[in-house]
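What follows draws every value from the coordinates through simple rules; no lab data is involved. Only a predicted model underlies this, so the values are computations on that prediction, with no experimental measurement involved. Reconstructed Cβ throughout: ideal geometry from the backbone, glycine too, with neighbour counts over all protein chains shown.
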Amino acid sequence: MESAFDGFFEKHHLKLQQYLQLLQYERGFQEMEATLERLAFQEREVSLSVETLVQTEQTLRDLDSLNARAQIRKDAL
């Protein structure tokens, strides 16, 4: 009877571990999806229609900043 219980426990323990791994994967995926949505929104906010050198330089700074934030978030995940 004890060996039957051990087999039952091992089987369900493995299933619980797999379920936990799936939950962790889903949470990571949801976090990545939310991050990508935020970055896409921020990217759309950057003005790409520039007429002067000053506007062009500001747009490049904005894009560099966005890229830096994207890299930080990528490294965090």
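For region 66-77, the criterion of being in contact (Cβ under 8 Å) with a residue 40 or more places away in the chain and outside any helix (DSSP H, G or I) is satisfied by at least one residue. Conditions: (1) touching a helix residue (DSSP H, G or I) at 6+ places or on another chain (Cβ under 9 Å); (2) touching a residue at least 12 places away in the same chain (Cβ under 8 Å). Glu45 meets all but one. Number of the miss? Of everything listed in (1) touching a helix residue (DSSP H, G or I) at 6+ places or on another chain (Cβ under 9 Å); (2) touching a residue at least 12 places away in the same chain (Cβ under 8 Å), Glu45 misses just condition (2).
In region 1-29, the residues that are closer than 30 Å to Asp75 by Cβ never reach a residue that is surrounded by 10 or more Cβ atoms within 10 Å (Cβ to Cβ) and of a type in the set (S, T, N, Q) with C-beta atoms less than 9 angstrom apart, at least six apart or across chains. For region 31-49, filtered to residues that are under 21 Å from Leu60 (Cα atoms) and of a type in the set (Ser, Thr, Tyr), the residue that is farthest from the chain's Cα centre (by Cα) is Ser49.
Based on this model, can you work out whether Phe8 counts as exposed (fewer than 10 other Cβ atoms within 10 Å of the Cβ), of a type outside the set (A, V, I, L, M) and part of a helix (DSSP H, G or I)? So that I can check it myself, show each step before the final result.
On the way: exposed (fewer than 10 other Cβ atoms within 10 Å of the Cβ): no; of a type outside the set (A, V, I, L, M): yes; part of a helix (DSSP H, G or I): yes.
Spelling it out, it is not the case that Phe8 is exposed (fewer than 10 other Cβ atoms within 10 Å of the Cβ), of a type outside the set (A, V, I, L, M) and part of a helix (DSSP H, G or I).
Rundown of residues vs (1) closer than 22 Å to Ala70 by Cα; (2) outside any helix (DSSP H, G or I); (3) basic (Lys, Arg), yes/no style:
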residue: Gln21; (1), (2), (3): no, no, no
residue: Tyr25; (1), (2), (3): yes, no, no
residue: Met32; (1), (2), (3): yes, no, no
residue: Glu51; (1), (2), (3): no, yes, no
residue: Val54; (1), (2), (3): no, no, no
residue: Glu57; (1), (2), (3): yes, no, no
